[in-house]
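The values are calculated or read from the model by the stated rules, or taken from the named source; none is laboratory data. Just so you know, these numbers come straight off a predicted model, no measurement behind them. Methodologically, a virtual Cβ is constructed for each residue, glycine included, from the backbone with ideal geometry; neighbour enumeration extends over all protein chains shown. Remember, those area values only see protein heavy atoms, side chains included, never the ligands or the DNA or RNA. Shrake-Rupley method; radii C 1.70, N 1.55, O 1.52, S 1.80 Å.
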Amino acid sequence: MDPGNYREALREIRADEAEGADIMMVKPGMPYLDVVRFLRDNSTLPVAVYHVSGEYAMLKAAAQRGWLNERDAALEALTCFRRAGADLILTYYSTQAAKWMAGEK
């Protein structure tokens, strides 16, 4: 899909559905939250988002430099995906986020 052509997403959704897709995937996730919402609003298929390694590395590097709180920033990023309409989130933070959400450090 042409990342600059938002309207092309609807044609892609319809084509994917016609071809028997089980899930709609958005990759990378963070720059395309608008597309995640568009998919959610225009398809009954589950919407997955991939929190790509570059987004993960960006948060890790900023946290290592003391520019942000890693836990808070990572959980906020994951919340953004969910709020945009993602049913599934694939992330390198999966294990750590599960621990954070369970109250572990």
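Scanning region 93-104 for residues that are part of a helix (DSSP H, G or I) and more than 18 Å from Ala57 (Cα to Cα), which turns out modelled with the lowest pLDDT? Only one residue tops the list, namely Met101.
The single residue among Leu68, Leu90, Leu39, Leu33 that is in contact (Cβ under 8 Å) with a residue 24 or more places away in the chain and either among the charged types (D, E, K, R) or not in a helix (DSSP H, G or I) (or both) turns out to be Leu90. Evaluated against (1) under 30 Å from Lys105 (Cα atoms); (2) in contact with a strand residue (DSSP E or B) (Cβ under 6 Å, 6 or more places away or on another chain), Arg40 falls short on exactly one condition, (1). For region 55-65, indicate whether the set of residues that are over 19 Å from Trp100 (Cα atoms), in contact (Cβ under 8 Å) with a residue 12 or more places away in the chain and not in a helix (DSSP H, G or I) is non-empty. No: zero hits.
Looking across region 54-86, just one residue is acidic (Asp, Glu), open to solvent by less than 80 Å² (accessible area, probe 1.4 Å) and under 24 Å from Phe38 (Cβ atoms), and that is Glu55. Within region 37-53, the residues that satisfy the criterion of being among the β-branched types (Val, Ile, Thr) and either open to solvent by 30 Å² or more (accessible area, probe 1.4 Å) or within 18 Å of Ala74 (Cα to Cα) (or both) are Thr44, Val49, Val52.
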